[in-house]
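As structure tokens, the structure follows; a few thoughts come after it.
The values are calculated or read from the model by the stated rules, or taken from the named source; none is laboratory data. Since this is a predicted model, take the numbers as computed values, not measurements. Every residue, glycine as well, gets a Cβ built from its backbone with ideal geometry; the counts of neighbours run over all protein chains shown. Quick note on the areas: whole protein, heavy atoms, side chains included, nothing else; ligands and nucleic acids left out. Shrake-Rupley method; radii C 1.70, N 1.55, O 1.52, S 1.80 Å.
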2 protein chains.
Amino acid sequence: MSELSRTTGVPVATIKYYLREGLLPQGRALAATQAEYDDTHVQRLRLVRALLAVGGLSVAAAKAVVASLDAAPTDVGAAVGAAHDALPPGAPPADGAGPVRALAAVEALGWDVDPDSTGVRQLDAALAGVDAAGLPMSADRLRVYGAAVLDIAEADVGGMPTSTPTAAVHHAVVGTVMYEPVILALRRVAQQHVFRRRSSRTVPPPTE
Amino acid sequence: MSELSRTTGVPVATIKYYLREGLLPQGRALAATQAEYDDTHVQRLRLVRALLAVGGLSVAAAKAVVASLDAAPTDVGAAVGAAHDALPPGAPPADGAGPVRALAAVEALGWDVDPDSTGVRQLDAALAGVDAAGLPMSADRLRVYGAAVLDIAEADVGGMPTSTPTAAVHHAVVGTVMYEPVILALRRVAQQHVFRRRSSRTVPPPTE
């Protein structure tokens, strides 16, 4: 365990806590006070650490993510969907009307999705939020956002290892949770860039 | 006040709470028990409601956002920057090394940004997070993400009303806070679409 701690930089006390909480599988017992940990432990430890310390997940949410990894999925797409379901922010319960805003959006974008999936319900709740704030999604904005996000999703899925579903799901979980703050920060920085570029123009911008 | 409540659908008790907390300016007093509220109250009330109830901001964070609106900015870009600074997640304190990851990323993208801005520090923290999780940002991924997010930022800034800085900042704040969940949900749905499209192919996809 002290070697595992040295390799990953995670304190022994923290490793013990993860073992107790079932976030990390037990090592192979070698003696009463010694256990063997392999590369899968190193990988899992880094994931759990990242989910809790950097991703800000609760222990319960991290457990659900780990459980989706341990379900030993055979279909990568379904496994990534299950992992998404385990990640925050979750989705509001389905109401009578169904996710009508989200379904209209994915239809306008021509995307093929499961209308009952958590992602669709999350999208519906987010679209209801911008409506309530008085800034509803316009057709133009949806077209730009949809194309941009599809490029991101293609890069996400294209970069996914396909050796085993477990490796793919590990990549998808880390890629979803840990890259979300990257995307949001990049957007704010990009807005700054757009403002600075526009204000530094000495001639009026061409009409596009 | 009861009319303001009817117009916005926000309960009178909630409006009183916002007034007490300084989130909503007082109406113009007409009599001891009557005050007049105008369109600016309606707009501000919708914003505060959205920030707290849908955006999940704390009262303190919402107050900071409202203060950035009330600062009556004259430069739209600077005002949007100030509003961004007031929004969660905030940024970690600058350390000795500076935001080296973020500065390398914006240089690779060719963006013109303030290296001391909150957005750059947020980006640096997010990039440190993906490093720690063992899935660092690659040059390819950065190129795709940067181009996609720049399209989103152009749409955000392009759709901004330019009549007054206050209107622009209002739009920027709502657009930033309320559209972040839309972008993240759209990405998850887009990943689902990519998976389903790939798995439904009967011939191998062309090498791109």
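Values computed for the structure shown
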| item | result |
| --- | --- |
| Exclusive hit being more than 18 Å from B:ARG197 (Cβ to Cβ) and open to solvent by less than 20 Å² (accessible area, probe 1.4 Å), set A:GLY129, A:GLY119, A:GLY134 | A:GLY129 |
| Selection within region A:23-43 - within 12 Å of chain B (Cβ to nearest Cβ) and in contact (Cβ under 8 Å) with a residue 24 or more places away in the chain | A:VAL42, A:GLN43 |
| Test: residue in region A:21-32 that is at pLDDT 85 or above and among the charged types (D, E, K, R) | yes |
| Candidates B:VAL177, B:VAL157, B:VAL173, filtered to the one that is more than 7 Å from chain A (Cβ to nearest Cβ), out of contact with any Ser or Thr (no Cβ under 9 Å at 6 or more places or on another chain) and either assigned to a helix (DSSP H, G or I) or buried (at least 22 other Cβ atoms within 10 Å of the Cβ) (or both) | B:VAL177 |
| Exclusive hit being modelled with pLDDT of 85 or more, closer than 26 Å to B:GLY77 by Cα and facing chain B (nearest Cβ under 8 Å), set A:LEU150, A:LEU186, A:LEU123 | A:LEU186 |
| Residue among B:THR74, B:THR8 that is loosely packed, with under 11 Cβ neighbours inside 10 Å and at pLDDT below 85 | B:THR74 |
| In region A:154-188, the residues that are in contact with a His (Cβ under 7 Å, 6 or more places away or on another chain) and without any contact (Cβ under 8 Å) to a residue 24 or more places away in the chain | A:PRO161, A:ARG188 |
| Meets criteria (open to solvent by less than 30 Å² (accessible area, probe 1.4 Å), among the small types (Gly, Ala, Ser), closer than 15 Å to B:ALA185 by Cβ and in contact with a Phe, Trp or Tyr (Cβ under 9 Å, 6 or more places away or on another chain)) for A:GLY146 | yes |
